[in-house]
1. Which residues, taken from segment 104-126, are of a type in the set (A, V, I, L, M) and under 24 Å from Ser15 (Cβ atoms)?
2. Residue under question is Lys51, and the condition is that it be under 19 Å from the mean Cα position of the chain (by Cα), part of a helix (DSSP H, G or I) and of a type outside the set (Val, Ile, Thr); does it hold?
3. For segment 144-169, name all the residues that are among the polar types (S, T, N, Q) and either in contact with a Leu (Cβ under 8 Å, 6 or more places away or on another chain) or assigned to a helix (DSSP H, G or I) (or both).
4. If you go through segment 113-128 one residue at a time, how many are of a type in the set (S, T, N, Q) and crowded, with 18+ Cβ neighbours inside 10 Å?
5. When the residues of segment 11-34 are filtered to those that are β-branched (Val, Ile, Thr) and either under 16 Å from the mean Cα position of the chain (by Cα) or open to solvent by 100 Å² or more (accessible area, probe 1.4 Å) (or both), which remaining residue is nearest to Lys106 (Cα to Cα)?
6. Which residue, of Ala131, Ala78, is farther than 27 Å from Ile32 by Cα and not acidic (Asp, Glu)?
7. Looking only at segment 145-160, filter to residues that are without any contact (Cβ under 8 Å) to a residue 40 or more places away in the chain and open to solvent by 20 Å² or more (accessible area, probe 1.4 Å); which one of those is nearest to Lys11 (Cα to Cα)?
8. What tally of residues in segment 63-111 results from selecting those that are over 18 Å from Ala167 (Cβ atoms) and either open to solvent by 70 Å² or more (accessible area, probe 1.4 Å) or assigned to a helix (DSSP H, G or I) (or both)?
Amino acid sequence: MIPIDSLTAIKTRRSIHQFKPEEVDTAILKEIFTYGSYAPTHYMKEPWNIKLYQNDGKKRFVNAIIASYQRIGMLNTANDAKTAKMIESMRRFLMNIPHHALIYFKKETDDVRYEEEYAAVCAFIQNSQLAAWEYGVGMLWTITPYMHDNGFVTDISLDADSVKIAAVMQIGYPEKIPNHKERTPIMEKMEIISE
């Protein structure tokens, strides 16, 4: 761990798409998500929950993704060689990612409460990404079609009627760190009203 100040972490953090094969120690992942839990949360509800898939635990998760993509029509269900090759390629890619953290929260029936919980979970995710960067660990915050498939939610032993998957974080030590991309000057995004 190389200490960096929070402003530097915010500017230098990158979304990581390529990971080294080595796993991050579970103790470090626990510390990262503990820092994440200091996110603002309405009424101290701390709505975030994590399913962390690693080692052989990734197999069930990856199988559920593939089944979902076939169910929703993103992958062919035919038994031909081309489909089998595509599925095997996807399986290998996902299994080579050291850790998958599925972040979910209990649904609220009230729209305002739902948005409060979702906002808190997003703050938790960003805190976790910044903490991970401090430890030299990369993350990719993904929103994918299978997260919206009730069959997938059931396959990973959650209740689609009562929980919402907010994101799946791909986690590991960066193999390659993307270059810095300039941001739009904030004055192009901000309107100041003084009177």
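The values are calculated or read from the model by the stated rules, or taken from the named source; none is laboratory data. These numbers were taken from a predicted model, which means no experiment stands behind them. Please note: Cβ atoms are built from the backbone with ideal geometry, for glycine as well, and neighbour counts cover all protein chains shown. Side chains are part of the model used for accessible areas, which takes the heavy atoms of the whole protein and leaves out ligands, DNA and RNA. Shrake-Rupley method; radii C 1.70, N 1.55, O 1.52, S 1.80 Å.
1. Within segment 104-126, the first condition is being of a type in the set (A, V, I, L, M), and the residues that meet it are 112, 119-121, 123, 125.
Hits for segment 104-126 are Ala119, Ala120, Val121, Ala123, Ile125.
2. no
3. The initial filter retains those residues of segment 144-169 that are among the polar types (S, T, N, Q), namely 144, 150, 154, 157, 162.
Residues satisfying the conditions are Asn150, Thr154.
4. Here is the first cut: in segment 113-128, the residues of a type in the set (S, T, N, Q) are 126-128.
Next, only the ones that are crowded, with 18+ Cβ neighbours inside 10 Å stay: 127-128.
Result for segment 113-128: 2.
5. Keep residues of segment 11-34 that are β-branched (Val, Ile, Thr), which gives 12, 16, 24, 26, 28, 32, 34.
This time we only want the ones that are either under 16 Å from the mean Cα position of the chain (by Cα) or open to solvent by 100 Å² or more (accessible area, probe 1.4 Å) (or both), so: 16, 24, 32, 34.
Working: Ile16: 28, Val24: 28, Ile32: 22, Thr34: 19 Å.
Across segment 11-34, the extreme among qualifying residues is Thr34.
6. Numbers: Ala131 fails: farther than 27 Å from Ile32 by Cα.
From the options Ala131, Ala78, the qualifying one is Ala78.
7. Kept after step one, since they are without any contact (Cβ under 8 Å) to a residue 40 or more places away in the chain, are these residues of segment 145-160: 147-148, 150, 153-154, 157, 159-160.
Imposing the further condition that a residue be open to solvent by 20 Å² or more (accessible area, probe 1.4 Å) reduces the set to 148, 150, 154, 157, 159.
Details: His148: 31, Asn150: 36, Thr154: 38, Ser157: 37, Asp159: 37 Å.
Ranking the qualifying residues of segment 145-160, first place goes to His148.
8. Step one: filter segment 63-111 for residues over 18 Å from Ala167 (Cβ atoms), giving 63, 66-67, 70-93, 95-96, 109-111.
Then drop every residue that is not either open to solvent by 70 Å² or more (accessible area, probe 1.4 Å) or assigned to a helix (DSSP H, G or I) (or both), which leaves 63, 66-67, 70-72, 74, 76-77, 79, 81-93, 95-96, 109-111.
Number satisfying all stated conditions: 28.
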